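One structure below.
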Amino acid sequence: MITVVLLGLAGLGLPTRGGAAEPDEGSIGIRLLEAPTNRRDDPRALRYIVDHLRPGTTIKRQLLIVNRSAERRAVEFYPAAASVEGARFVFDGGRAANELTSWITIDRDAIELEPWEETRVRATIAVPADVPAGERYGVLWASAASSPSPSGGQVTQVHRVGVRVYLDVGEGGEPVSDFTIGEMRPARSSHGEPSVTVRVDNTGGRAVDLTGTVTLTDGPAGSRVGPFPVSEGTTLAVGATGQVSARFPPELPNGPWKIQVNLKSGRVERSATGQIRFPEPGGEGVRATLYSRMLTGWGALAAVAGLLLLAGLAVLARRFRRTAGRVPRERISAHR
């Protein structure tokens, strides 16, 4: 009997330690239904379980499981280990366990779903009171095997879809998430397809999942192209460095071009601009001349708030100095 595992994920696909796997085409589906109230505006927290908890804390999260096939499915639910390595979110094969999975329980281990039926399950994460600080990773899986072939075939397909878990544990507030955009280097393949790779450094205290776009402007005859999406699937652990890339049409002129890179992870957004020129086919160009890096989104709001606070304190200080150096008129009259 040969078993083929088809994998899917709520969001981006997962690399696996056990070898390559094809994406699940939709036999079953999974979706996170709950997010922390303070993360309702965080796109990552609407797709994955992303949270910061103190030791000794318990949370519950509800997930929707859907049978997207015309067959009855026996679906199993379980947590499994994951890690962030080589700029990728990586899961271990099968039901591999780690510290985080030992904290997770699911209210139902298995259920029978009729064709097109859906159900809800609830996962509980109970963090022990005596664990060290740090971020842990895992996946909540829903798994279903296909019915045996009527012709007596020896291949069984196992469909598996999951939701990532990024859980940070520690006293006090959550570590700040942040990243910086670094070197941008153009290239052109031997077939003439231009591309650019962008270095990214995780400078914050949480893992980041990078998405975004690249736009080219001020090209030959003032031309503009894009925005083009960057490659998905780049996840950086704390302190890690990785890269994203974008590809462009083969007929794109070499330039020069003004390049603008806009990247985000959850509520954190960063942008950078520079100038590049693409090489001839089969070559790699010089790195971009970087013009500027910009804060956007929550980073920009925090920076503006900080500047407004400093400006307000400066105004108050000036008023205090003027008031302190002024003698009230009533007191002058009283001593005459």
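Residue-wise test of (1) modelled with pLDDT under 95; (2) not basic (K, R).
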{"residue": "R108", "(1), (2)": "yes, no"}
{"residue": "P115", "(1), (2)": "yes, yes"}
{"residue": "I125", "(1), (2)": "no, yes"}
{"residue": "A129", "(1), (2)": "no, yes"}
{"residue": "G138", "(1), (2)": "no, yes"}
{"residue": "S146", "(1), (2)": "yes, yes"}
{"residue": "T156", "(1), (2)": "yes, yes"}
- With G212, G233, G226, G222 as the choices, which residue is free of Cβ contacts under 8 Å to residues at least 40 places away in the same chain and within 20 Å of E269 (Cβ to Cβ)? G226
- Task: With respect to T197, determine if the residue is in contact (Cβ under 8 Å) with a residue 40 or more places away in the chain, out of contact with any helix residue (DSSP H, G or I) (no Cβ under 9 Å at 6 or more places or on another chain) and of a type in the set (S, T, Y).
- Result: yes
- Message: Based on this model, can you work out whether P227 counts as open to solvent by 60 Å² or more (accessible area, probe 1.4 Å) and either at pLDDT 95 or above or within 25 Å of R88 (Cα to Cα) (or both)?
- Response: yes
- Message: So in region 83-94, with the set limited to residues that are open to solvent by 30 Å² or more (accessible area, probe 1.4 Å) and not in a strand (DSSP E or B), which one is farthest from A126 (Cα to Cα)?
- Response: G86
- Task: Sort out which residues of region 48-97 are within 27 Å of Q243 (Cα to Cα) and of a type in the set (D, E, K, R), and write them in order of number.
- Result: D51, E85, R88, D92
- Note on the structure: Residue hits (region 41-82; assigned to a strand (DSSP E or B), crowded, with 16+ Cβ neighbours inside 10 Å and under 21 Å from the mean Cα position of the chain (by Cα)) are I49, V50, D51, H52, L53, R61, L63, P79, A80, A81, A82
- Task: Inspect all residues belonging to region 237-246 and state whether any of them is within 18 Å of P43 (Cα to Cα), outside any loop (DSSP other than H, G, I, E, B) and touching a residue at least 12 places away in the same chain (Cβ under 8 Å).
- Result: no
- From the set of residues in region 169-219 that are over 15 Å from the mean Cα position of the chain (by Cα) and within 21 Å of G134 (Cβ to Cβ), which is surrounded by the most Cβ atoms within 10 Å (Cβ to Cβ)? V169
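The values are calculated or read from the model by the stated rules, or taken from the named source; none is laboratory data. Source: prediction; values computed, not measured. Reconstructed Cβ throughout: ideal geometry from the backbone, glycine too, with neighbour counts over all protein chains shown. Accessible surface is based on the protein model in full, side chains and every heavy atom, while ligands, DNA and RNA are left aside. Shrake-Rupley method; radii C 1.70, N 1.55, O 1.52, S 1.80 Å.
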